[in-house]
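The values are calculated or read from the model by the stated rules, or taken from the named source; none is laboratory data. Quick caveat, the model's predicted, so the values are computed rather than measured. Because the Cβ atoms are built from the backbone with ideal geometry, glycine has one as well, and the counts that use them run over all protein chains shown. Protein only, heavy atoms only, side chains kept; ligands, DNA and RNA dropped before computing areas. Shrake-Rupley method; radii C 1.70, N 1.55, O 1.52, S 1.80 Å.
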Amino acid sequence: MDSARLPFARLLREPGLWYFGRRSVARATGLGLFVAFLPVPQLLTVTALVILMRINLPVALAMIMVTNPLTMAPAFYLNYRVGAWLLDRPLPSPPADFSLDWLLEQFGSIWQPLWLGSVVVGAIAGLAGLLAVHSIWQARIQYRRRHRPHLR
């Protein structure tokens with residue numbers, strides 16, 4: 001197919017999206033983990049941000065999978081609890097029969113703690129991921145230099 005039929009093909013051919021350097025991978029890890037904890041369309045959000053920032057797309061996409069269908073509910077509950085704690089709000093008592101109707105009724109009181117908690121938890125996870133990749137990458141370089149004298 002030609003690029004006229006695929007309007008985003010030109011954007012996805014950007015070499016920075018596929019580069020596996022320390023900074024690109026670390027930033028993609030941080031961004032992907034940050035977005036993973038946000039209650040947004042994660043695939044679209046991380047792809048748009050990666051294209052804007054010109055960092056590694058495959059790594060960022062892999063990182064949003066931290067919150068997958070099995071882990072999303074516990075992660076968002078954690079986000080909500082963190083947000084409620086930061087806002088000093090009491091937790092609502094769970095109903096005897098949890099339903100979508102109950103959740104929608106509670107949405108007015110849930111959304112602010114959920115968003116705040118999501119941003120805080122996402123920022124902590126993202127920063128931890130970015131620093132971990134930088135540290136591991138640097139340690140690997142130092143190890144290789146020590147164990148390969150001809151590279152000194």
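Modelled spin labels at Q142 and R23, positioned 7 Å past Cα toward Cβ, are 2.1 nm from each other.
The residues of the chain expose on average 68 square angstrom of accessible surface per residue, using a 1.4 Å probe on protein heavy atoms.
Report, to the nearest whole %, how much of the accessible area of segment 85-152 belongs to carbon and sulfur atoms, 1.4 Å probe, protein only. The computed percentage sits at 64.
Here A128 and E14 are evaluated by their C-beta separation; at R0 = 30 Å the FRET efficiency comes out at 0.65.
Only helical DSSP H runs with n ≥ 4 go in: add -39500 (n - 2.57) per run for the chain, normalise by residue count and round the 222 nm mean residue ellipticity to 500 deg cm²/dmol.
Values: 6 runs with 101 residues, N = 152.
When only DSSP H runs of four or more count, the value is -22000 deg cm²/dmol.
Spin-label pair T71-S109: with each label point 7 Å from Cα along the Cα-Cβ axis, the two points sit 3.1 nm from one another.
The separation of segment 21-45 from segment 58-89, counted between C-alpha centres, amounts to 13 Å.
Between W102, W111, W18, the GNM of the chain built on Cα springs shorter than 10 angstrom shows W102 fluctuating the most.
Shape of segment 77-152 from the C-alpha gyration tensor: prolate (a/c of 1.5 or more and a/b above b/c, with a ≥ b ≥ c the square roots of its eigenvalues). Relative to the Cα centre, the charge distribution of the chain, modelled as +1 at Lys and Arg Cβ and -1 at Asp and Glu Cβ, gives a dipole magnitude of about 1500 debye.
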